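Undergrad: One structure coming up, written as structure tokens, with questions to follow.
The values are calculated or read from the model by the stated rules, or taken from the named source; none is laboratory data. Here the structure is a predicted model, which is why all the values come from computation and not from measurement. Cβ coordinates were reconstructed from backbone atoms using ideal geometry, including for glycine residues, and neighbour counts include every protein chain displayed.
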Amino acid sequence: MRNLSATILLIERDADLRTLSDQLLNHLGYTVSQLPEGNDPVALAEQIGPQVIVIGIRPEFPEDRQVVDDLLGNFVTRAIPVVAISFSEEEAITLAALPNVSQIVIAPFRITALETAVARAVGRALANDGPPEHLTGIRLSPERS
């Protein structure tokens, strides 16, 4: 278990994946804040100031992608690295072009893929490198790699 003193904002609509991600990230030593249902993700990110935001993005829910765009468009949150859990390879390609998306994990994925993606994003945030200038990595699911 690591003690990284980093806060992660977890935005995930699927309760099972949210619970699994929360447990994993807590086990790794991160402080995890979950977005309560009905709350504004940008306002919560402004309030808690996480080092990294982990968000699940499904193509059938355009509002998931809108959250990433809203974070990028906000002066306070645009520099926070985003780890996107994508449920579509096509969506992953469009996410790769966004400057605030530093890591993409394509579902289904191994738990270690999420661990690695978050660790990279947190490392960048804690090193005060500023906002990511480009995508630093894409992890494909084991079936696609």
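Undergrad: Please tell me if I111 is over 24 Å from E46 (Cβ atoms), out of contact with any Ser or Thr (no Cβ under 7 Å at 6 or more places or on another chain) and of a type in the set (A, V, I, L, M).
TA: Details: over 24 Å from E46 (Cβ atoms): yes; out of contact with any Ser or Thr (no Cβ under 7 Å at 6 or more places or on another chain): yes; of a type in the set (A, V, I, L, M): yes.
Considered against the rule, which asks whether it is over 24 Å from E46 (Cβ atoms), out of contact with any Ser or Thr (no Cβ under 7 Å at 6 or more places or on another chain) and of a type in the set (A, V, I, L, M), I111 comes out as yes.
Residue-wise test of (1) β-branched (V, I, T); (2) assigned to a helix (DSSP H, G or I); (3) at pLDDT 90 or above.
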{"residue": "A84", "(1), (2), (3)": "no, no, yes"}
{"residue": "V118", "(1), (2), (3)": "yes, yes, yes"}
{"residue": "G130", "(1), (2), (3)": "no, no, no"}
{"residue": "L135", "(1), (2), (3)": "no, no, no"}
{"residue": "S141", "(1), (2), (3)": "no, no, no"}
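Undergrad: Across the stretch 46-55, which residue is surrounded by the most Cβ atoms within 10 Å (Cβ to Cβ) among those that are in a loop (DSSP other than H, G, I, E, B) and in contact with a Leu (Cβ under 8 Å, 6 or more places away or on another chain)? Show your work before the answer.
TA: Within the stretch 46-55, the subset in a loop (DSSP other than H, G, I, E, B) is 49-51.
With in contact with a Leu (Cβ under 8 Å, 6 or more places away or on another chain) added as a condition, the list becomes 50-51.
Values: P50: 23, Q51: 21.
For the stretch 46-55, the residue satisfying everything is P50.
Undergrad: Same structure, new question: Counting only residues that are crowded, with 18+ Cβ neighbours inside 10 Å, farther than 25 Å from E46 by Cβ and among the small types (G, A, S), how many does the stretch 62-95 have?
TA: Final tally of qualifying residues: 1.
Undergrad: Please enumerate the residues belonging to the stretch 1-45 that are part of a loop (DSSP other than H, G, I, E, B) and either within 14 Å of the chain's Cα centre (by Cα) or at pLDDT 95 or above (or both). Step through it out loud before you land on a result.
TA: Within the stretch 1-45, the first condition is being part of a loop (DSSP other than H, G, I, E, B), and the residues that meet it are 1-6, 12-14, 28-30, 35-40.
Within the stretch 1-45, A6, E12, R13, Y30, L35 qualify.
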